[in-house]
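The values are calculated or read from the model by the stated rules, or taken from the named source; none is laboratory data. Not measured: the values here are computed from a predicted model. Cβ atoms come from the backbone with ideal geometry, glycine included; neighbour counts cover every protein chain shown. Keep in mind that these areas ignore ligands, DNA and RNA; they rest on the heavy atoms of the full protein, side chains included. Shrake-Rupley method; radii C 1.70, N 1.55, O 1.52, S 1.80 Å.
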Amino acid sequence: MTSRFVHDAPAPRVVFGAGTVTEVPAEAERLGGRRLLVISTGSAQLVADTFCRHTAAGCVARITKVAMHVPAEVADAAVAAAADSRTDLIVCFGGGSAIGLAKAVAKDTALPILAVPTTYAGSEMTSIWGRTEGGRKRTGRDPSVLPKTVIYDPELTLGLPASLSATSGMNAVAHGMEAVYAPDATPVTTLLATTGLSALANALPRVVDTPSDLDARTDAFYGAWLSGWVLGATSMGLHHTLCHVLGGTFGLPHSAVHSAVLPYVIAWNQVSAPEGVAAASPAWGGADPAAALWDLATRIGAPTSLEAIGFRIEDITETAQIVNESPPPNPRAVSVAGVTDILRAAYRGVRPDAGDSR
Ligand code: NAD
């Protein structure tokens, strides 16, 4: 038990449960929204259309095209749309890309966000923004981009394909795994992280086996909520930085990268954070977490190799150098050699041995 800590984790109001999407009009009204900018991904178009028909407020602007990693030109166009339409509330339906675009608008305009997530990525629970320009993805924290209200309706995830459910679920798992060894972890964030990890470890195999299983979807969303919360409440380490570089610079799919890299970062980090990593082991039935992460990814059909998702071995050096330019807080000192070792292991995709420190 940590004897001294600062716990400072502002979190949105959360409305959770099957069918809660019908609460979006009332929650928008509660936030005082009269002129709404509605952002939605392709899969959420019908839900957004239904919302616009049922809300008393005006949907004065709609954005239906979003892109991963928040390209600068997409963000700037959305900010202009919000200004032109004199929006007073952003309502977004979709995964991390739709929510990321909403945050880009909020960052420039201070408009409040009501988020209705449809994946397990967790962005809705954080004040972390991202923006990609000239092949570099920048991220930062700004309290103004933290959504005011989040509505988790697991029915909206029933159509999320098994493959995306698996990778997005591994993205959520990564939040919990890095939270347990974060320098600003508290007993509460560790409790949330380990509870979230257990929920995800239990639910994700059921989700991919039967994507229409509402109970499994509900459990997975519960885990995703807690994981997103701890992502927002703690400093993320090397794993998250590495994934942003691999996505932002090399255009690799965000959630698949998380899955392919996570077991190897945890294997590398656990020598320097044995207690933190051990805190997560109940989620894995007491097994070695790095190996268990590889087993979970394999069980649910998520990638365990960077080669398999299109990363080129010749890009390892550049990736390691970019990460090393501004190393994140991490239990083990970040170095070009260390990141290179992790990337080589992740490229090969072989199951980490128990206690493997590379
Ligand atoms: P995404 O939002 O890009 O969605 C992936 C695909 O899934 C899209 O084609 C989308 O239309 C589809 N989709 C989404 N929900 C669906 C559903 N319910 N049914 C069917 N299809 C659906 O993917 P993501 O993994 O949710 O988000 C990735 C982005 O989020 C990245 O840019 C990442 O950097 C960002 N992110 C940010 C944070 C943060 O705290 N700022 C946290 C996690 C992820």
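For the stretch 127-152, a residue qualifies if it is more than 21 Å from Ala82 (Cα to Cα), among the hydroxyl-bearing types (Ser, Thr, Tyr) and either crowded, with 24+ Cβ neighbours inside 10 Å or more than 13 Å from the ligand (Cβ to nearest atom) (or both), and exactly one does: Tyr152. Could you list all residues from the stretch 13-43 that are modelled with pLDDT of 95 or more, within 15 Å of the ligand (Cβ to nearest atom) and in contact with a Gly (Cβ under 9 Å, 6 or more places away or on another chain)? Across the stretch 13-43, the qualifying residues are Ile39, Ser40.
Against the test of being touching a Gly at 6+ places or on another chain (Cβ under 8 Å) and more than 23 Å from Pro154 (Cα to Cα), the options His7, His69 yield a single qualifying residue, His69. Just wondering, is there one or more residues in the stretch 25-42 that are among the charged types (D, E, K, R) and in contact (Cβ under 8 Å) with a residue 60 or more places away in the chain? Yes, the stretch 25-42 contains at least one residue that is among the charged types (D, E, K, R) and in contact (Cβ under 8 Å) with a residue 60 or more places away in the chain. Please verify whether Val47 is part of a helix (DSSP H, G or I) and within 15 Å of the ligand (Cβ to nearest atom), treating the condition exactly as stated. Here the answer is yes, as Val47 does meet what is asked. Note on the stretch 77-119: residues that are aliphatic (A, V, I, L, M), away from the ligand (no atom under 15 Å from the Cβ) and either within 15 Å of the chain's Cα centre (by Cα) or part of a helix (DSSP H, G or I) (or both) amount to 6. Of the residues making up the stretch 331-350, not a single one is open to solvent by 70 Å² or more (accessible area, probe 1.4 Å), assigned to a loop (DSSP other than H, G, I, E, B) and at pLDDT below 95.
How about the stretch 7-24: which of its residues are assigned to a helix (DSSP H, G or I) and buried (at least 19 other Cβ atoms within 10 Å of the Cβ)? The answer is Val21, Val24.
Looking at the stretch 264-297 only, could you name the residues that are in contact with a Lys or Arg (Cβ under 8 Å, 6 or more places away or on another chain) and open to solvent by 20 Å² or more (accessible area, probe 1.4 Å)? Across the stretch 264-297, the qualifying residues are Val271, Ser272, Trp294, Asp295.
Among residues of the stretch 154-170 being among the small types (Gly, Ala, Ser) and within 7 Å of the ligand (Cβ to nearest atom), the one that is nearest to Gly95 (Cα to Cα) is Ser168. Taken together, the residues in the stretch 100-145 that are aromatic (Phe, Trp, Tyr) and without any contact (Cβ under 8 Å) to a residue 60 or more places away in the chain amount to 1.
Across the stretch 239-281, the qualifying residues are those that are at pLDDT 95 or above, of a type in the set (Gly, Ala, Ser) and within 14 Å of the chain's Cα centre (by Cα), and the one among them that is farthest from Arg138 (Cα to Cα) is Ser259. If I ask for residues that are open to solvent by 30 Å² or more (accessible area, probe 1.4 Å), of a type outside the set (Val, Ile, Thr) and touching a helix residue (DSSP H, G or I) at 6+ places or on another chain (Cβ under 9 Å), which ones from the stretch 155-190 would you list? Answer for the stretch 155-190, where residues must be open to solvent by 30 Å² or more (accessible area, probe 1.4 Å), of a type outside the set (Val, Ile, Thr) and touching a helix residue (DSSP H, G or I) at 6+ places or on another chain (Cβ under 9 Å): Glu155, Leu156, Leu158, Gly159, Ala162, Ser163, Leu164, Asp184.
For Val70, the stated conditions hold: it is farther than 28 Å from Asp215 by Cβ and either open to solvent by less than 30 Å² (accessible area, probe 1.4 Å) or within 16 Å of the ligand (Cβ to nearest atom) (or both).
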